[in-house]
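One structure is given here, and the rest of the page talks about it.
Where a number appears in this text, it was derived from the coordinates with a stated rule and is not lab data. On a predicted model such as this, the values are computed, not experimentally measured, just so you know. Counting neighbours? That spans all protein chains shown, and the Cβs are built from the backbone with ideal geometry, glycine included.
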């Protein structure tokens with residue numbers, strides 16, 4: 001098919017991009033298993049954006065389902081601390097013609113994995129506050145992120161943060177699988193393969209990231225699956241019978257019985273630079289039993305955030321319709337659903353941030 005008049009084609013690293021003329025100065029900034037990302041300028045708004053092209057989204061049912069889920073999740077997110085869509089487009093005029101589509105998102109300066117060294121307490125406080133505001137929104141929509149790590153927490157130079165990458169996010173009532181979060185940030189119940197863990201797996205990840213920002217190094221740097229669990233229990237202490245009874249896996253129960261009786265470490269010794277309120281919050285988030293961790297909503301009520309808390313940061317989301325998350329459809333059916341979502345996109349008017357902050361960050 002010929003490109004539509006207001007689209008143009010450009011080859012970038014051996015991949016042909018076909019984008020509306022309003023997006024100029026494309027420059028590749030990332031690539032992964034499922035897509036490539038270019039920065040661009042929207043000539044109408046003069047805004048710098050990030051455009052993601054999915055790699056052959058309709059090559060199979062699995063790829064098409066993943067593409068559909070990512071599109072649906074991004075369309076659903078309307079919170080300043082969660083990445084959302086500014087635009088979605090395809091040059092295809094009809095369902096028969098669609099081969100791919102592009103997702104346009106805000107351009108972010110860097111991510112937390114590239115921010116080196118210890119951060120000052122005011123920066124840590126502001127970044128963790130934003131993580132929890134974003135998580136509260138995601139969780140109240142009925143979604144668990146499950147893959148929180150520094151690399152998918154984008155930040156701008158003014159310290160504003162957005163949660164990225166919903167490729168692995170699933171709604172809370174879908175059956176859970178054990179191998180999701182990057183190992184160092186995995187909650188123990190994910191490592192132990194509980195089938196029905198809750199939204200507090202994300203709170204554990206926030207605790208790990210907060211600890212890393214305070215100390216300037218990864219808190220639990222396990223060499224493998226079991227060493228990760230050992231590193232965790234050297235800090236949290238080995239659990240008692242009440243905890244182990246909750247585990248589905250007999251293998252996990254047996255493993256815990258073989259561990260030395262590590263006591264819980266003193267967090268004020270582990271984090272000598274942290275304030276008393278910061279240490280108290282960390283102690284609440286880094287609890288072995290997920291049932292004992294606070295929700296994002298409760299964590300935001302902690303005194304650590306007294307100077308930041310603002311009800312305008314806590315909008316209520318619509319509930320996410322996950323009826324297709326576990327569906328088995330044909331490739332043509334997934335394609336039809338994707339085409340419908342692309343065609344029905346309406347931009348969401350964004351709220352200008354009223355947060356008064358002079359924090360700056362540089363990688």
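With both labels modelled 7 Å from their Cα along Cα-to-Cβ, the residue 94 to residue 266 distance reads 7.5 nm.
Using every pair of distinct Cα positions in the chain, the Kirkwood expression returns a hydrodynamic radius of 21.9 angstrom.
Take the Cα gyration tensor of region 7-107, multiply each eigenvalue by 5, square-root it, and list the three semi-axes largest first, rounded to whole angstrom.
Numbers: eigenvalues 78, 62, 35 Å².
Each semi-axis is the square root of five times an eigenvalue, giving 20, 18, 13 Å.
Please sort 12-18, 291-297 by packing, taking for each peptide the average over its residues of neighbouring beta carbons within 10 angstrom, highest first.
Numbers: 12-18: 12.7, 291-297: 16.4.
The packing order, highest mean first, is 291-297, 12-18.
Based on the mean of other Cβ atoms within 10 Å per residue, sort peptides 155-163, 142-150 so the most packed one is first.
Working: 155-163: 19.6, 142-150: 23.0.
Peptide ranking by packing, descending: 142-150, 155-163.
Contour minus end-to-end for residue 250 and residue 318, with contour as 0.36 nm per residue of separation and end-to-end as the Cα-Cα distance? Working it through step by step, the gained length comes to 20.6 nm.
Based solely on its DSSP helices, what 222 nm [θ] is calculated for the chain when runs of n ≥ 4 H residues each add -39,500 (n - 2.57) and the sum is averaged over all residues, nearest 500 deg cm²/dmol? Calculated from helices alone, the mean residue ellipticity at 222 nm is -9000 deg cm²/dmol. Note on residue 29 and residue 340: their simple-model spin labels are 3.3 nm apart, each label 7 Å out from Cα toward Cβ. Maximal additional length on extending the residue 113-residue 258 stretch stands at 48.8 nm, based on 0.36 nm per residue less the C-alpha distance.
Inter-part distance, region 59-107 to region 178-256, computed on C-alpha centroids, equals 33 Å. When a/c reaches 1.5 or more, the comparison of a/b and b/c decides; with that in mind, is region 184-275 rounded, prolate or oblate per its Cα gyration tensor? Prolate, since a/c reaches 1.5 and a/b exceeds b/c.
Under the definition of Cα pairs under 8 Å and six or more residues apart, what whole-number percent is the relative contact order of the chain?
Values: 598 pairs, mean separation 68.0, N = 363.
Taking the mean separation of contacting Cα pairs over the length of the chain, I get 19 percent.
Scaling against 2.2 N^0.38 Å puts the C-alpha radius of gyration of region 206-258 at 1.30. Length gained on full extension, residue 39 to residue 9, computed as 0.36 nm times the residue gap minus the Cα-Cα distance: 9.2 nm.
Under 1.5 on a/c is rounded, so check that first for region 213-363, then, if it is not, pick prolate when a/b is larger than b/c and oblate when it is not; a ≥ b ≥ c are the square roots of the alpha carbon gyration tensor eigenvalues.
Values: a/c = 2.38, a/b = 1.28, b/c = 1.85.
Here region 213-363 falls in the oblate category.
Could you sort the peptides 107-119, 316-328, 277-289 by per-residue average Cβ neighbour count (10 Å cutoff), highest mean leading?
Values: 107-119: 16.0, 316-328: 13.1, 277-289: 19.6.
Packing order, densest peptide first, comes out as 277-289, 107-119, 316-328.
Put simply, the convex hull of the Cα atoms in region 110-313 casts, on average, a shadow of 11.0 nm².
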